[in-house]
Amino acid sequence: MKIDKSSRHSKIAGNFGETLRRFGISVKTRTRISGTENEGLYVKPTDIDKVKNACIHFACEPYFGIVVDRANKIDAILVSMDNLIKINGIGKTHFNIKVKVNEGFMEKYMKIHDGLIIRFEYKEFSKN
């Protein structure tokens, strides 16, 4: 069977291939109990350095996976290190990133083009 390809097929396929990149992902997970659902978490300078160094070694882009387990929902955020810093900033004294996870910040994460948010919502059923 012959497949007709346009004269631009190679260019289109090449562009597509270049958009597929490797990611170095460091995952941070926290469980939040009632009353602390919107408390964020810290990414320490050592964590930042580790993901940067690994990404240099493996020629990939540094990303963070942030997973927050809270009452009746679990949020999973995948975001580039650059965008995580743009959204949250870096502390002036300890040089860490305080990752904020309240609804206002969740909306900011949703607006970035290279991120992903997955939210699992659930409810408990009685055993009756």
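The values are calculated or read from the model by the stated rules, or taken from the named source; none is laboratory data. Just so you know, these numbers come straight off a predicted model, no measurement behind them. Backbone-built Cβ (ideal geometry, glycine too); neighbour counts: all protein chains shown.
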### Task
Give me the pairs, please: first residue somewhere in segment 88-106 and among the small types (G, A, S), second residue anywhere and outside any loop (DSSP other than H, G, I, E, B), beta-carbon distance under 7 Å, and either six or more positions apart or on two chains.
G91/K98
### Message
Just the residues that are within 14 Å of I66 (Cα to Cα) and at pLDDT below 90, please, taken from segment 100-116.
### Response
G115
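Any residue that is under 27 Å from E124 (Cβ atoms) and basic (K, R) - is there at least one of those in segment 80-95? Reasoning before the result, please.
Keep residues of segment 80-95 that are under 27 Å from E124 (Cβ atoms), which gives none.
No, the conditions are met nowhere in segment 80-95.
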### Message
For I25, only one of the following conditions fails: (1) surrounded by 11 or more Cβ atoms within 10 Å (Cβ to Cβ); (2) without any contact (Cβ under 8 Å) to a residue 40 or more places away in the chain. What is its number?
### Response
(2)
### Query
Can we say Y122 is free of Cβ contacts under 8 Å to residues at least 40 places away in the same chain, of a type in the set (F, W, Y) and under 19 Å from V67 (Cβ atoms)?
no
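Which residues, counting only those in segment 84-111, are closer than 23 Å to E37 by Cβ and among the polar types (S, T, N, Q)?
Our first condition is that a residue be closer than 23 Å to E37 by Cβ; within segment 84-111, this holds for 84, 87-89, 91, 96-111.
If the condition is that a residue be closer than 23 Å to E37 by Cβ and among the polar types (S, T, N, Q), then N88, N96, N102 are the ones that fit.
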### Message
Among the residues in segment 4-19, are any of a type in the set (S, T, Y), outside any helix (DSSP H, G or I) and modelled with pLDDT under 85?
### Response
yes
### Task
Would you please name the residue that is nearest to the chain's Cα centre (by Cα), looking only at residues in segment 74-102 that are closer than 13 Å to Y42 by Cα and in a strand (DSSP E or B)?
V99
### Query
What is the number of the single condition among (1) touching a Ser or Thr at 6+ places or on another chain (Cβ under 7 Å); (2) surrounded by 14 or more Cβ atoms within 10 Å (Cβ to Cβ); (3) at pLDDT below 90 that V51 does not meet?
(3)
### Query
Residues in segment 34-52 that are in contact (Cβ under 8 Å) with a residue 24 or more places away in the chain, not in a loop (DSSP other than H, G, I, E, B) and not basic (K, R): how many?
6
### segment 103-128: number of residues that are assigned to a helix (DSSP H, G or I) and among the basic types (K, R)
2
